[in-house]
Amino acid sequence: QTLFAIRYDTSRKTPNWAVHSLSPAQAAQINANADTMTRPKFTPDPDLDANDQAVDKSYTGSGFSRGHIVAAGDMAWSQAAYDTTFHFSNVVPQIQKFNNGSWRGEEDAFRDLVETKNVRMWIFSGVYGTAGSAIGKAPYTATVPKCFYKIVVAPTVQDGTYRVLATLFSWDDR
């Protein structure tokens with residue numbers, strides 16, 4: 001089962017974008033699993049060459065947190081799905097206040113929307129530009145993005161059309 005798709009940039013050592021969907025049944029299971037997921041450590045993606053990824057030490061002492069592009073919370077409907085979000089192929093440098101603030105708020109709102117509207121939705125998340133800095137030592141240097149975005153696509157129940165909501169954040173939005 002494909003959980004999500006990522007467009008990964010080996011030169012930046014971060015994903016450019018990712019897409020996944022969330023169903024009402026998965027959202028309900030996430031609520032049922034609340035506080036039961038065992039948080040794994042971040043690890044290299046076994047499908048990518050080790051030198052094409054950042055590593056844990058890239059983030060240590062950098063002032064940036066390991067920010068998910070595909071939210072771990074969106075995959076908390078199963079432990080196996082949740083665990084897949086902890087690969088470095090799904091991580092970008094984020095300021096912690098942004099990671100746990102605006103970005104997390106957007107992630108939580110997406111899950112709430114799926115549950116409230118009772119319809120499967122798709123979310124595209126990604127980064128754009130360069131904030132002028134990088135973290136880590138070669139060959140594991142990750143680029144700090146300038147902007148982060150989320151695009152939610154939801155079908156309307158009435159006429160089969162789609163609604164789209166897009167949000168753009170500067171890298172230092174809190």
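The values are calculated or read from the model by the stated rules, or taken from the named source; none is laboratory data. None of these values were measured; they are calculated from a predicted model. Cβ placement follows ideal geometry from the backbone for every residue including glycine, while neighbour counts extend to all protein chains displayed. SASA here: full protein model, heavy atoms, side chains in, ligands and nucleic acids out. Shrake-Rupley method; radii C 1.70, N 1.55, O 1.52, S 1.80 Å.
Short version: what are the Cα gyration tensor semi-axes of the chain, square root of 5 times each eigenvalue, largest first, in whole Å?
27, 18, 14
Which of Arg163, Arg66, Arg111 moves the most in a Gaussian network model of the chain with Cα springs under 10 Å?
Ranking Arg163, Arg66, Arg111 by mean-square fluctuation puts Arg163 first.
With both bridge residues required to lie in the chain, what share of the DSSP beta bridges run antiparallel, to the nearest 5%? Can you show the working numbers first?
Working: 33 of 34 bridges.
Approximately 95 percent, going by the DSSP bridge assignments.
Among Val19, Val114, Val164, determine the one that fluctuates most according to a GNM of the chain built with springs between C-alpha atoms less than 10 Å apart.
Its mean-square fluctuation being the largest, the pick is Val164.
Report the residue, chosen from Gly136, Gly73, Gly101, that carries the largest GNM mean-square fluctuation when the chain is represented by alpha-carbon nodes joined by springs under 10 Å.
Comparing Gly136, Gly73, Gly101 in a Gaussian network model of the chain, the most mobile one is Gly101.
Measure nothing fancy, just the Cα-based angle from helix 102-117's long axis to the longest principal axis of the chain, in degrees from 0 to 90, nearest 10.
Once rounded, the angle reads 20 degrees.
Count the net charge of all other residues whose Cβ sits under 12 Å from the Cβ of Lys41, scoring Lys and Arg as +1 and Asp and Glu as -1.
Working: positive: Arg39, Arg66; negative: Asp56, Asp83.
Spelling it out: positives minus negatives among the neighbours equals 0.
Size of segment 77-174 along its principal axes in angstrom, Cα-based, largest extent first?
52, 30, 21
Please work out the FRET efficiency for the pair Asn51 and Ser78, using the Cβ-Cβ distance as r and a Förster radius of 22 Å; give the result to the nearest 0.05. Don't jump to the answer; show the numbers that get you there.
Numbers: r = 31 Å, r/R0 = 1.41.
Taking R0 as 22 Å, the efficiency between Asn51 and Ser78 is 0.10.
Would you mind working out the accessible area per residue for segment 31-133, using a 1.4 Å probe, and quoting it in Å²? Walk me through the numbers before you get to the answer.
Numbers: 5010 Å² over 103 residues.
Using a 1.4 Å probe on heavy atoms only, each residue of segment 31-133 averages 49 Å².
So, with a 1.4 angstrom probe, what is the percent of accessible area on the chain that is carbon and sulfur? Let's see the in-between values first.
Values: 4600 of 8940 Å².
Carbon and sulfur atoms account for 51 percent of the accessible area of the chain.
What number in nm² do you get for segment 1-64 if you take the convex hull of its Cα atoms and divide its surface by four? Walk me through the numbers before you get to the answer.
Numbers: hull surface 24.9 nm².
Taking a quarter of the hull surface, the average projection is 6.2 nm².
Let me check against my output: what whole-number percent is the relative contact order of the chain, with C-alpha pairs under 8 Å and at least 6 apart?
Numbers: 344 pairs, mean separation 44.9, N = 174.
Reported as a whole number, the value is 26 percent.
For segment 102-158, what is the largest minus smallest coordinate of the Cα atoms on each principal axis, given in angstrom and ordered from greatest to least?
The principal-axis extents, from largest down, are 51, 18, 17 Å.
Roughly what would the spin-label model give for Thr116 and Arg7, points 7 Å off Cα along C-beta, in nm?
A separation of 3.0 nm, rounded to one decimal place.
Given all pairs of different Cα atoms, what value in angstroms does the Kirkwood hydrodynamic radius of segment 36-122 take? Spell out each step's value before the answer.
On the way: mean 1/r = 0.0710 Å⁻¹.
In segment 36-122 this quantity evaluates to 14.1 Å.
Could you work out how much longer the chain between Gln29 and Thr167 gets when fully extended? Use 0.36 nm per residue separation minus the Cα distance between them, nm to one decimal.
Details: separation 138, 0.36 × 138 = 49.68 nm, distance 2.62 nm.
Fully extending the segment from Gln29 to Thr167 adds 47.1 nm.
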